[in-house]
Amino acid sequence: MDLTSGKVAKDTVAEGDVKAYLGGRGIGLLLAHRLGIGRGADPYSPDMPFILASGPLSGTGVPLSSRATAVFMSPLTRRWSYSTAGGSISVIMRYAGCDVLMVTGRASRPVYIVVSHGSAEVRDASSLWGLGTYDAERQLKEVHGNESAVAVIGPAGENLVPFASINHETWRQFGRTGGGAVMGSKNLKAVAFVPSGVYPEPYDPEATWSFIHDMTEKLKTGAKSWRDNGTLGTIDVANGTGFFPSLYWTKVSAPNWRRISWFDVLSKYYFTGRRATCMHCPVACHKTVISRRYGGMYELEYETTMALAGLTGVVDPDELIQLASLVDDMGLDTISTGNVLGLAAYLTERGAIPPEEGVRFGDAEGMRQLIVKVARREGIGKVLSMGVREAAKALGHPEAAVEVKGLDPAGYDPRSLKAMVLTYAVSERGADHLWSSGYAIDIPGLAGGRQATGEEKVRAVMDLEERNAIYDSAVLCKFGRNSYGWSELVAGLNAVTGFSYTREALRQVAERIIVLHRYMNGTTIDEDRLPPRWLSEPVEFEGNRYVVRPEEWERMVSLYYRLRGYDEQGRPRPEKLRELGIS
């Protein structure tokens, strides 16, 4: 769809492309690549695409297959990027007769797109412009029905904050790298998918139903911890073992963290007992909490807690819930917001930001005011809205920023979890915990233990990197990684698509997606470097000091390049590109 002209064109993705890239992240990157727009182009240009993609498993009833992927040029990192969200959106997309939606152009006024019966139309959104995500989504569902799936931006996206999110079903987000700002640049407030009786039919219905039954049973044990505790159980694990980023990356356990303990506090005094779930998911990991002081419900997650409590020092559950709800309503990525707030406190306490403009660690009211200023790009908020890399530069302290490729990290400090060294370094999104989920190797002490950096660890990270590429393209939730191994992925995709993948062939699909993304961005070793603070500032935990030694980073990255088929500068070798059919 071209918002400038209002024209809608339908097309079919070639079967060979689907077999080579699946859907979601893979097909989205392929479509963007074929437009011939190089990295570094203006993310806000009308020519720039915004792509929403489901996957071949979406809408089939396969457990954990409700995620969708957005692909775009990130205004935060100036790189081709993507973000995923759960909920119902990928399922309802397909029920509306749409597998992939590509939007270009810029509307002359605020608009939203309605997709139904395999067609799309543009409608006026002037009355929605300026609303928070909660009210905007509620109003759209009043028009299009509660069974519709809505992706909507808030004031941050309208104001082109480079880490603006896209919200869905109140508390689900396409959070990372600024897709909300890309929508805002197109005057696109929302997309609403309305189911219209279109249902995807698997290649082998009997095999698909058998697979659904088998995976539902496997997830009863494979995802039990997510069902019992959601992601919030990680708060206690992270603080208790020392990898919880705190006070803007100066500590790995938050002072007074037991005030936000899931097991001791949140589950006993704040959890409503309501376990929500995404569509076609038997796990129900979402934990709804209620503020005892202010009222109001919120579905709290680990990363939000790490960012808005750990990095800011606000370890009061009621204040945390308030901050998190405000961030979502403004349409901001909670991880990036927590990082810029933490940076502001870090620089304020070091005299780089005047006290009357900055904020102190633990100051909930000050953090609340800054969130609004960031979303509106007012005062010091205008500087912070650029993200930690550019904000730190503008404030005269680039060395203070903790980021890779312009993206701030999530809740796993690589000084105490060494698989995260490689995970953060080579991710094409930047310091992205979900690119290869190295924490899932380190936390249980696999591949040599948390401090190991040898070949066993590198290969383990690469295996998860490849599986994650499939999860993001199939599309599946990564919380199924203990149940969805390679054999299960092959079985499920073959039942649905009839493509007769082997394990080796599916691994090559994953590698193709990974290498194409790097090729599109032209990434080199210089961009895979970690922030100096991780290499020079040790953190202490229970009498031990942890740091990333430069030789650890170099050894892991060099081995990764060799195994992945890159040259010494981190570029895919020509023979690797030919092998994967990338041009």
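The values are calculated or read from the model by the stated rules, or taken from the named source; none is laboratory data. Keep in mind that what you see is a predicted model, and the values were worked out from it rather than measured. Counting neighbours? That spans all protein chains shown, and the Cβs are built from the backbone with ideal geometry, glycine included. Each accessible area value is taken on the protein alone, full model and side chains, heavy atoms only, with ligands, DNA and RNA left out. Shrake-Rupley method; radii C 1.70, N 1.55, O 1.52, S 1.80 Å.
Structure data summary
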| read-out | value |
| --- | --- |
| Matching entry among Ala345, Ala352 (being open to solvent by 10 Å² or more (accessible area, probe 1.4 Å), farther than 16 Å from Ala156 by Cα, aliphatic (A, V, I, L, M) and in contact (Cβ under 8 Å) with a residue 24 or more places away in the chain) | Ala352 |
| Candidate set from the stretch 542-563 (those that are of a type in the set (Lys, Arg) and out of contact with any strand residue (DSSP E or B) (no Cβ under 8 Å at 6 or more places or on another chain)); member that is surrounded by the most Cβ atoms within 10 Å (Cβ to Cβ) | Arg555 |
| Any chance Leu535 is open to solvent by 10 Å² or more (accessible area, probe 1.4 Å), farther than 27 Å from Asn339 by Cβ and aliphatic (A, V, I, L, M) | no |
| Boolean, Glu527 is within 22 Å of the chain's Cα centre (by Cα), touching a residue at least 24 places away in the same chain (Cβ under 8 Å) and open to solvent by 30 Å² or more (accessible area, probe 1.4 Å) | yes |
| Positions within the stretch 451-485 being under 21 Å from Ala85 (Cα atoms), in a helix (DSSP H, G or I) and of a type in the set (A, V, I, L, M), in sequence order | Leu464, Ala469, Ile470, Ala474 |
| Test: Ser416 is assigned to a loop (DSSP other than H, G, I, E, B), more than 17 Å from Tyr561 (Cβ to Cβ) and either open to solvent by less than 20 Å² (accessible area, probe 1.4 Å) or in contact with a Pro (Cβ under 7 Å, 6 or more places away or on another chain) (or both) | yes |
| Matching entry among Gly222, Gly230, Gly242 (being touching a Phe, Trp or Tyr at 6+ places or on another chain (Cβ under 7 Å), open to solvent by less than 40 Å² (accessible area, probe 1.4 Å) and touching a residue at least 24 places away in the same chain (Cβ under 8 Å)) | Gly242 |
| Residues located in the stretch 323-359, provided they are hydroxyl-bearing (Ser, Thr, Tyr) and under 16 Å from the mean Cα position of the chain (by Cα) | Thr334, Ser336, Thr337 |
| Complete set of residues in the stretch 45-81 that are farther than 21 Å from Thr497 by Cβ, out of contact with any Leu (no Cβ under 7 Å at 6 or more places or on another chain) and hydroxyl-bearing (Ser, Thr, Tyr) | Ser45, Ser74, Ser81 |
| Verdict on Gly492 being over 23 Å from Glu455 (Cβ atoms) and at pLDDT 95 or above | yes |
| Unique match (being crowded, with 21+ Cβ neighbours inside 10 Å and in contact with an Asp or Glu (Cβ under 6 Å, 6 or more places away or on another chain)) among Val374, Val388 | Val388 |
| Any hit, the stretch 166-173, residues being on the phi > 0 side of the Ramachandran plot and open to solvent by 20 Å² or more (accessible area, probe 1.4 Å) | yes |
| Which listed residue, of Ala20, Ala41, is within 21 Å of His517 (Cβ to Cβ), without any contact (Cβ under 8 Å) to a residue 40 or more places away in the chain and either out of contact with any helix residue (DSSP H, G or I) (no Cβ under 9 Å at 6 or more places or on another chain) or buried (at least 17 other Cβ atoms within 10 Å of the Cβ) (or both) | Ala41 |
| Selected residue (criterion: surrounded by the most Cβ atoms within 10 Å (Cβ to Cβ)) from residues of the stretch 326-341 that are under 13 Å from Gln173 (Cβ atoms) and of a type outside the set (D, E, K, R) | Thr337 |
| Scope the stretch 436-469; condition hydroxyl-bearing (Ser, Thr, Tyr) and either touching a residue at least 40 places away in the same chain (Cβ under 8 Å) or open to solvent by 30 Å² or more (accessible area, probe 1.4 Å) (or both); matching residues | Ser437, Tyr439, Thr453 |
| Conditions (1) in contact with a strand residue (DSSP E or B) (Cβ under 6 Å, 6 or more places away or on another chain); (2) surrounded by 19 or more Cβ atoms within 10 Å (Cβ to Cβ); (3) not in a loop (DSSP other than H, G, I, E, B); number of the one not met by Ala254 | (3) |
| Residue within the stretch 42-57 that is closer than 18 Å to Val182 by Cβ and small (Gly, Ala, Ser) present | yes |
| Any hit, the stretch 15-38, residues being touching a strand residue (DSSP E or B) at 6+ places or on another chain (Cβ under 8 Å) and modelled with pLDDT under 95 | yes |
| Val62 among the β-branched types (Val, Ile, Thr), closer than 28 Å to Leu580 by Cβ, open to solvent by less than 10 Å² (accessible area, probe 1.4 Å) and in a loop (DSSP other than H, G, I, E, B) | yes |
| Helices (runs of 4 or more DSSP H) fully within the stretch 486-583 counting 1 or more residues that are among the polar types (S, T, N, Q) and closer than 28 Å to Leu476 by Cα | 486-497, 503-521 |
| Ala510 being in contact with a Pro (Cβ under 8 Å, 6 or more places away or on another chain) and crowded, with 21+ Cβ neighbours inside 10 Å | no |
| Selection from the stretch 85-98 of residues that are open to solvent by 30 Å² or more (accessible area, probe 1.4 Å) and assigned to a loop (DSSP other than H, G, I, E, B) | Gly97 |
| Residue ID - farthest from Lys141 (Cα to Cα), chosen from residues in the stretch 194-222 that are in a helix (DSSP H, G or I) and of a type in the set (Phe, Trp, Tyr) | Phe211 |
| Filter pass, Ser81 being surrounded by 24 or more Cβ atoms within 10 Å (Cβ to Cβ) and over 17 Å from Ile470 (Cβ atoms) | yes |
| Count of residues meeting criterion [among the β-branched types (Val, Ile, Thr) and without any contact (Cβ under 8 Å) to a residue 24 or more places away in the chain] in the stretch 263-282 | 1 |
| When residues of the stretch 291-310 are limited to those that are surrounded by fewer than 17 Cβ atoms within 10 Å (Cβ to Cβ) and not aromatic (Phe, Trp, Tyr), the one modelled with the lowest pLDDT | Gly296 |
